[in-house]
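A quick write-up on the structure given underneath.
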Amino acid sequence: MPERTESESRKLLRRLRDTLAEAGAGQERLDRITHLIADSMQTEVCSIYLFRDDETLELCATEGLNREAVHRTRLRIGEGLVGRVARTSAPVNTANAPAEKGFRYMPETGEEIYSSFLGVPIQRLGETLGVLVVQSKEARSFSDDEIYALEVVAMVLAEMTELGAFVGEGEALAAPHQHPVMIRGGVGQEGTAEGKVWLHEPRVVITNPVADDPHRELERLHAAVDELRLSVDAIVSTSGVQDKEQKQILEAYRMFANSRGWIRRMEEDIAAGLSAEAAVEKEQSAARARLATVPDPYLRDRLHDLDDLSNRLLRILTGQGRDTGAAMPPNPILVARNIGPAELLEYGRKLRGVVLEEGSVGSHAAVVARALSIPLVIHAERITNEALNGDTILVDGDQGIVHLRPEDSVIAAFRDKIAMQAAAQSRYASLRDKPATAKCGTTISLLMNAGLMADLPSLAGSGAEGVGLFRTELQFLIRSHVPKRGELAQIYAGVLDAAAGKRVVFRTLDIGSDKVLPYMKRLDEPNPAMGWRALRLGLDKPGVMRMQIQALLRAAPGRPLSIMFPFVTEFDEFRAARDLVHDVMAREERLGRRLPSSVEVGAMLETPALAWAPDAFFRMADFVSIGGNDLKQFFFAADRENETVRRRYDVLNTSFLRFIRSIIARCEENGTPLSFCGEDAGRPIEAICLAALGIRTLSMRGASIGPVKHLIRQISLGDLRDLIEAEIAAGSTNVRRAVVNWLSNQDL
Ligand code: PEP
Ligand code: MG
């Protein structure tokens, strides 16, 4: 076989393009293409395999193998050499295919007479759509040039598949982006929503993967790269970043934009016949495929940089910006790979739901989605590849499931679920002004968690008695700089105004761990959740904490103020933090400023150590609030951010309940008011168990107040307590089943 030259490769691509431009059904086109590739590569066989579902590849066209095998021969991903190409997203090149490990002989194809095999993935943006194979009788290895030429052809096939050029009979030739897809992700925020897809970054569509004039394409590429470099330089110089490490990261990003290797590879792609945008996308696809296999976080970040730069470059080349001019559909559901908290807030309450390909439970986007009370599904794999603007989408935030372009029957079932939830909500609304008094006469105080002004409109509607946890870090997370004292004082005053005399507990800055400020020096900690976070950071660098306390005091002249410190581990830390409040108060007084009418200072109990602090701590604290999210992760040694373990242990585990019982006892002995403000306070079954054990104040998402109040009002907490005590005494590991049984026997 002759060495392939660039012009030959271009010739093949041009023939391919002409073939694709001819009229004909998808199948005819595929048949012509396999013929053309075999002819051009001088091999006896060329075959195209496409995925018919997530797991199965189907032979869709062939030149050289038995025609009867088309649409009959199927392989699972990983099966045979074709399946191996699909699984690894890498070429397989062998002179002796039958001797190759994993070779699978498929008699119906008649392929046993072919010795050499070259298969390359047909992939677009890291997603494998199929496999392109050439085979010949002669036992030979294909050269690097030949592999490269076949990869370039596969790239064009991927683009055309995406554009629907091969639509025909059967699953494997189904039109892309039209069939229903169900994606199982993770729960970011509960709730359900039906709406239309609104892509945060609409995909760039490439309609001209093949180009005639490589010189013109090179010029276009170079002009676009120049523009990209200028824009990256501008980002670096206007970022105002002083921190050395962050500067290094930006510099690495800039370096990539100037990387000769990256640009040279794209130049080679153009020389082989691709258009400038197809060349960018080919390298982007390769980087995404690598991303899937690289475990090293530093390298992954760099590949993400490359992906980001490629997107920018594609937008420059195609003129397709983020703003496509399309109008946002009614009931928009935002679909994105990831999104920052400020960007999400900008969309605000317009959105009905959010679906992210990445994200995490504790991510800032999740926190904002919670504040906006919109359902959020995270880890929805492939969603940005699958979804198109305007597609119908159902978001089930309760189960972490997304239905894209669902069948009518799925929509009907989903609407039933939404209607049932709406009916329940209106039932809860009728309880809004009633107390959460159980049948035994005990009343529980139900408060709301908040973090943004956006949360506060729901305070009146939810029936909450106040805000039991105001997470102040959100105001810091949504900015690109530390907020000013005056700005914060104004926000806090606005919160108190909106609460209209109801109690608001402001938690001081809880950063570090998963909550990293964009402008904060990032410490490279092996285990940030147990690292330099929250109060530890506040006490070591008291400047920001002082400023925040001043802002709080100035927001509440003549009004009661509640301050709570997060992540207190030992008494001395609490004492130091409380002393700081008193220092700042004294200073404010000296400055002649009016102080709040009263200031209470409380502590969050989030580490087991604090449960055994000296009595003096419990007497000094004006109140204690159990931060169950953190307390649970440390009690069970199960990372709340780690999907593999985070659901493994249950708060209704009797070890945890005994622990909670002992905290309640310590607070009772010392007369310390106690509340619980982790997510479990908002889950009805968990909430009644905590109340039964003796916690009289629960703080939760606004939307949970109704369901929790509804259940409390229907049961006797005394009876439930007896049941839980009996289970503990009997040696049960977990009381959930007994409680659910008991509830099913109640007259609810
Ligand atoms: C908690 O840990 O339970 C808590 C309420 O704080 P956060 O979730 O903000 O860490
Ligand atoms: Mg916490």
Exercise for the section: Would you point out which residue out of Leu59, Leu16, Leu12, Leu36 is at pLDDT 90 or above and either of a type in the set (Val, Ile, Thr) or buried (at least 21 other Cβ atoms within 10 Å of the Cβ) (or both)? Expected result: Leu59
Handout entry: Answer residue from region 195-213, given it is farther than 22 Å from Glu343 by Cβ and buried (at least 20 other Cβ atoms within 10 Å of the Cβ) and is modelled with the lowest pLDDT among those
Key = Ile206
Fill in the blank from the handout: Note on region 576-608: residues in contact with a Phe, Trp or Tyr (Cβ under 9 Å, 6 or more places away or on another chain) and within 16 Å of ligand 1 (Cβ to nearest atom) are Gly602, Ala603, Met604, Glu606, Thr607, Pro608
Problem - Among (1) of a type outside the set (Ser, Thr, Tyr); (2) surrounded by fewer than 23 Cβ atoms within 10 Å (Cβ to Cβ); (3) within 16 Å of ligand 2 (Cβ to nearest atom); (4) under 21 Å from Met453 (Cβ atoms), the one test that Pro557 misses - result: (3)
Handout entry: Filter result for Met620 (open to solvent by 10 Å² or more (accessible area, probe 1.4 Å), more than 16 Å from ligand 2 (Cβ to nearest atom), over 22 Å from Gly468 (Cα atoms) and of a type in the set (A, V, I, L, M))
Key = no
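Out of Ala638, Ala577, report the one residue that is within 16 Å of ligand 2 (Cβ to nearest atom), within 37 Å of the chain's Cα centre (by Cα), without any contact (Cβ under 8 Å) to a residue 24 or more places away in the chain and open to solvent by less than 40 Å² (accessible area, probe 1.4 Å). Walk me through it before giving the result.
Values: Ala577 fails: without any contact (Cβ under 8 Å) to a residue 24 or more places away in the chain.
Result of the check over Ala638, Ala577: Ala638.
Yes or no, residue by residue, for (1) in contact (Cβ under 8 Å) with a residue 60 or more places away in the chain; (2) within 16 Å of ligand 1 (Cβ to nearest atom); (3) more than 17 Å from Leu431 (Cα to Cα):
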position	(1), (2), (3)
Glu679	no, yes, yes
Pro684	no, no, no
Thr697	yes, yes, yes
Arg701	yes, yes, no
Arg721	no, no, yes
Asn745	no, no, yes
Exercise for the section: Among residues belonging to region 560-572 that are away from ligand 1 (no atom under 16 Å from the Cβ) and touching a helix residue (DSSP H, G or I) at 6+ places or on another chain (Cβ under 7 Å), point out the one that is least open to solvent (accessible area, probe 1.4 Å). Expected result: Leu561
Problem - Only one of Glu281, Glu277 that is part of a helix (DSSP H, G or I), touching a Ser or Thr at 6+ places or on another chain (Cβ under 7 Å) and modelled with pLDDT of 85 or more - result: Glu277
Fill in the blank from the handout: (1) more than 23 Å from Arg666 (Cα to Cα); (2) open to solvent by less than 60 Å² (accessible area, probe 1.4 Å); (3) assigned to a helix (DSSP H, G or I) all hold for Met520 apart from (3)
Fill in the blank from the handout: All conditions in (1) among the charged types (D, E, K, R); (2) surrounded by fewer than 22 Cβ atoms within 10 Å (Cβ to Cβ); (3) within 15 Å of ligand 1 (Cβ to nearest atom); (4) under 30 Å from Val581 (Cα atoms) are true of Glu668 except (3)
Exercise for the section: Give the number of residues within region 689-748 that are more than 22 Å from Gly463 (Cβ to Cβ) and open to solvent by 30 Å² or more (accessible area, probe 1.4 Å). Expected result: 23
Practice task
State yes or no: is Tyr298 within 26 Å of the chain's Cα centre (by Cα), aromatic (Phe, Trp, Tyr) and surrounded by fewer than 16 Cβ atoms within 10 Å (Cβ to Cβ)?
Solution key: yes
Exercise for the section: Exactly one condition in (1) under 32 Å from the mean Cα position of the chain (by Cα); (2) open to solvent by less than 10 Å² (accessible area, probe 1.4 Å); (3) hydrophobic (A, V, I, L, M, F, W, C) is not met by Ile685; state its number. Expected result: (2)
Problem - helices (runs of 4 or more DSSP H) wholly inside region 589-704 containing at least 1 residues that are farther than 30 Å from Gly186 by Cα - result: 608-611, 615-620, 654-670, 684-693
Problem - Candidate set: region 670-726, residues that are of a type in the set (Lys, Arg) and under 18 Å from Thr437 (Cβ atoms); chosen: the one farthest from ligand 2 (Cβ to nearest atom) - result: Arg713
Practice task
May I ask you to list the residues in region 480-511 that are under 15 Å from Met545 (Cβ atoms), within 16 Å of ligand 2 (Cβ to nearest atom) and aliphatic (A, V, I, L, M)?
Solution key: Leu509, Ile511
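Residues that are of a type in the set (A, V, I, L, M, F, W, C), at least 3 per element: which strands (runs of 3 or more DSSP E) completely within region 153-223 meet that? Break it down stepwise before answering.
Details: elements: 181-184, 186-189, 192-199.
Once the strands (runs of 3 or more DSSP E) in region 153-223 are filtered for at least 3 residues that are of a type in the set (A, V, I, L, M, F, W, C), what remains is 181-184, 192-199.
The values are calculated or read from the model by the stated rules, or taken from the named source; none is laboratory data. Being a predicted model, the structure only gives us computed values, none of them experimental. Positions of Cβ are generated from backbone atoms using ideal geometry, with glycine treated the same way; all protein chains shown enter the neighbour counts. Remember, those area values only see protein heavy atoms, side chains included, never the ligands or the DNA or RNA. Shrake-Rupley method; radii C 1.70, N 1.55, O 1.52, S 1.80 Å.
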